[in-house]
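As structure tokens, the structure follows; a few thoughts come after it.
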Amino acid sequence: MKGLIKLAYRKMIDVSSTSTWDKYVFEDTYREYYMQAQQFDQKSKYSTFQDMVKHVPSAEQMHYLVSTAAIGYIRQLEGLFPEVLNVVGKRCVPFESFRFEILESNIKNKEQHKVAICFYSNVLTWIGAIDNQLLFAVGDQSEAIQKGQTIETEMLTWRSNLTVHSFQQIIMPIVYQSFEN
């Protein structure tokens, strides 16, 4: 056992996204962005998100405010990373939190709207790696491993936008045995 880890998966969504889920998130977050932009820039001076943030300090709040349009879709994921599949094709990485970010947008050109959602996993027990695949168990399984118990594992292939977000080494206690003649 290598230690305890948390993974992060950053999902980008823009006009070229093809899945139905992505398209709904794109449409609804753009609609929310458009409405929020009108609130933050009532004189319509700035068409891009970057200009608005540069000239309207409170516009940074739009990341959070626009994220509300994606919450229902994120709930549909039932607490599992989207698109990150184990070697048998099932979603297997539970997430405990996410961060929504507007990368760019333009109230005059919807095609420039681009957002990212970064999902952060629950604690996982990193058991090992085989080639470019990660062998892990969901949750902190260090005690069960130490006791020699069988645990359920998952294996996934590394992919773009997936990384180890945090790592904690597990120090196994040394067990002394006495040898008597």
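Listing for the model above:
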read-out	value
Boolean, E83 is among the charged types (D, E, K, R), surrounded by fewer than 18 Cβ atoms within 10 Å (Cβ to Cβ) and within 19 Å of the chain's Cα centre (by Cα)	yes
Test: residue in the range 120-137 that is surrounded by 15 or more Cβ atoms within 10 Å (Cβ to Cβ) and either free of Cβ contacts under 8 Å to residues at least 24 places away in the same chain or within 30 Å of Y46 (Cα to Cα) (or both)	yes
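Laboratory data are not the source of any read-out in this text; all were calculated from the coordinates shown. This structure is a prediction, so every number in the text was calculated from the model and none was measured. We place every Cβ from the backbone using ideal geometry, glycine too, and count neighbours over all the protein chains shown.
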